[in-house]
Amino acid sequence: MSKVTKIQWCDSTVNPIMGCAGCELYPSPEQVLKAIDHDLISAGIASWKQGMARDFFHRVLREAWQLLLVAVGEPGSGHVNEITTTNIRHLRHRLGAKLAASFGTKAGKIAVAAIESSLSCYAAQLHANRTFNVDKPLRNVKRGYAPTFESVTPFPGRLADAAKWKDLTGVDRSEKPWLDGMPRLTFVSDMGDAFSRKQDFGFLEREILAFQSQDGQRHLWLWLTKRPEKMRQFAESIGGFPPNVCAMTTVTSTKHLGRIAALRAVDASVRGLSLEPLWESVADKIDLTDIDWVIVGGESGAKANVSPFHMEWVHELRDRCHEQGVAFFVKQLGSRPFHNGKELTLVDGHGGDWSEWPIEFCQREMPDYFRNYANLLERSRSRAFVA
Ligand code: SF4
């Protein structure tokens with residue numbers, strides 16, 4: 001089941017919604033096809049022109065769909081006869097073979113590499129490996145996922161179930177010392193973006209009641225989105241986030257720094273940034289006003305497809321955070337960390353095991369707000385009791 005995923009840096013995860021409309025880590029099909037055109041033209045593939053990737057992919061999809069109909073008769077609920085990012089991912093080797101036959105092996109390889117390096121969203125990858133696949137129509141589909149990554153799907157009751165999880169306040173977690181004694185920290189939405197579809201507000205408004213239930217209040221919930229403006233609208237619609245929700249957004253490069261201003265406008269008691277995967281230095285340009293927590297990390301995935309993570313960026317960010325009193329947390333070094341210009345070789349493919357890191361990078365600070373939350377809750381409960 002995918003309602004929770006294994007996680008190393010916090011206590012647990014929960015996904016009220018599975019799937020996503022995409023972002024810079026899972027671009028639209030048009031952007032992926034453009035990337036193929038760009039790479040083939042840049043490589044000097046003779047007679048390749050802008051727009052040809054779409055034409056060729058269209059042919060590949062048509063052939064695959066015919067084979068699917070022969071194999072299963074009726075397409076499954078997640079099979080779509082359209083040019084989608086998921087279909088491009090699933091049919092990339094067929095496309096590569098077609099281009100290789102017409103333009104040579106090099107062209108085929110470039111096209112496959114262009115697709116694979118465009119798509120680094122881990123949630124999308126898990127969906128792609130477990131759900132409907134136009135190239136493998138007979139494959140079993142795992143329950144608990146969106147039928148296809150782009151079909152954002154609500155799963156009622158998951159937050160209410162998660163609220164019942166054991167209270168970890170004061171519990172020894174010496175294997176994760178950064179969490180020791182704190183309330184349970186649950187990451188919301190690591191298998192999609194709950195703000196992918198505005199029409200889910202009604203659903204989310206009902207589900208979020210779990211955070212403020214007697215059980216849910218005992219925990220802290222980290223809610224991450226790449227759509228902080230929609231998160232702002234949602235928070236406004238419910239009169240502000242409950243005090244145990246940390247509103248968070250992701251920034252991967254200077255291009256997306258604007259998300260921070262939108263996050264600042266979210267009515268929340270505590271706010272955090274996830275700078276992961278970080279693709280370039282952002283320390284000089286980042287504005288940390290009203291931000292309580294910064295998480296940083298490198299990109300993970302096949303080495304050939306991920307961007308390098310220069311650990312100097314970590315030091316720069318740490319200094320900025322400490323100047324401004326912001327808690328700083330190094331989550332993972334990713335699959336291609338560089339330290340002093342040299343690539344590090346780590347056993348953990350995500351670079352998430354801090355016992356392998358140079359000691360100066362083992363920094364996992366938590367906002368004071370998280371540490372004080374249990375007292376805050378006790379005070380508010382005793383006030384309610386007295387009243
Ligand atoms: S789940 Fe997150 S990383 Fe993946 S496509 Fe959606 S917004 Fe991007």
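The values are calculated or read from the model by the stated rules, or taken from the named source; none is laboratory data. Quick caveat, the model's predicted, so the values are computed rather than measured. No Cβ is skipped: glycine too gets one built from the backbone with ideal geometry, and neighbour counts run over all protein chains shown. Side chains are part of the model used for accessible areas, which takes the heavy atoms of the whole protein and leaves out ligands, DNA and RNA. Shrake-Rupley method; radii C 1.70, N 1.55, O 1.52, S 1.80 Å.
A few comments on the model shown:
- Among (1) open to solvent by 60 Å² or more (accessible area, probe 1.4 Å); (2) at positive phi - the single one ASP55 does not satisfy: (2)
- Being within 16 Å of the ligand (Cβ to nearest atom), in contact (Cβ under 8 Å) with a residue 24 or more places away in the chain and open to solvent by 20 Å² or more (accessible area, probe 1.4 Å) holds for only one residue in PHE155, PHE149, and it is PHE155.
- Listed by first and then second residue, the pairs linking a residue in segment 173-193 that is under 19 Å from ARG364 (Cα atoms) and in the same structural domain as LEU376 (by TED's automatic domain parsing) to a residue that is open to solvent by 30 Å² or more (accessible area, probe 1.4 Å) and of a type outside the set (A, V, I, L, M, F, W, C), with Cβ atoms under 6 Å apart and 6 or more places separating them unless they lie on different chains, are ARG173/ASP180; GLY181/GLY170; PRO183/THR169; ARG184/ASP11; LEU185/ASP11.
- Among the residues listed as GLU205, GLU229, the single one being more than 16 Å from the ligand (Cβ to nearest atom), open to solvent by 20 Å² or more (accessible area, probe 1.4 Å) and not in a loop (DSSP other than H, G, I, E, B): GLU205
- A single entry from ALA194, ALA262, ALA247 fulfils the requirement of being assigned to a loop (DSSP other than H, G, I, E, B), within 16 Å of the ligand (Cβ to nearest atom) and either open to solvent by less than 10 Å² (accessible area, probe 1.4 Å) or touching a Ser or Thr at 6+ places or on another chain (Cβ under 9 Å) (or both): ALA194.
- Answer residue from segment 134-146, given it is aliphatic (A, V, I, L, M) and more than 16 Å from the chain's Cα centre (by Cα) and is least open to solvent (accessible area, probe 1.4 Å) among those: VAL134
- Only one of the numbered conditions (1) under 27 Å from LYS164 (Cα atoms); (2) in a helix (DSSP H, G or I); (3) within 14 Å of the ligand (Cβ to nearest atom); (4) not small (Gly, Ala, Ser) is violated by PHE234, and that is (3).
- Selection within segment 170-191 - away from the ligand (no atom under 16 Å from the Cβ) and in contact with a His (Cβ under 9 Å, 6 or more places away or on another chain): PRO183, ARG184, LEU185, THR186
- Identity of the residue in segment 66-115, closer than 19 Å to GLU30 by Cβ and among the charged types (D, E, K, R), that ends up most open to solvent (accessible area, probe 1.4 Å): GLU82
- Taking the criterion of being under 25 Å from ASP353 (Cα atoms), free of Cβ contacts under 8 Å to residues at least 40 places away in the same chain and open to solvent by less than 30 Å² (accessible area, probe 1.4 Å), the residues of segment 265-294 that qualify are LEU273, LEU278, VAL282, ALA283, VAL294.
- When GLN214 is tested against (1) over 24 Å from GLN125 (Cβ atoms); (2) within 16 Å of the ligand (Cβ to nearest atom); (3) assigned to a loop (DSSP other than H, G, I, E, B), only condition (2) is not met.
- Comparison of GLN332, GLN324, GLN233 shows that the only residue that is modelled with pLDDT of 95 or more and touching a His at 6+ places or on another chain (Cβ under 6 Å) is GLN332.
- Pairs, first free of Cβ contacts under 8 Å to residues at least 40 places away in the same chain in segment 108-128, second small (Gly, Ala, Ser), C-beta under 6 Å, six or more apart: GLY108/GLY96; GLY108/ALA100; VAL112/GLY96
- Neighbours by Cβ (under 6 Å, 6+ apart or cross-chain): first from segment 219-230, under 21 Å from MET366 (Cβ atoms); second open to solvent by less than 50 Å² (accessible area, probe 1.4 Å) and among the basic types (Lys, Arg): HIS219/ARG184
- Looking only at segment 8-52, and only at residues there that are more than 16 Å from the ligand (Cβ to nearest atom) and of a type in the set (Gly, Ala, Ser), the one that is surrounded by the most Cβ atoms within 10 Å (Cβ to Cβ): SER12
- Pairs meeting the criteria (first residue in segment 12-40 and of a type in the set (Phe, Trp, Tyr), second residue within 10 Å of the ligand (Cβ to nearest atom) and in a helix (DSSP H, G or I), beta carbons under 7 Å, at least 6 apart or on different chains) are TYR26/THR85; TYR26/ALA124.
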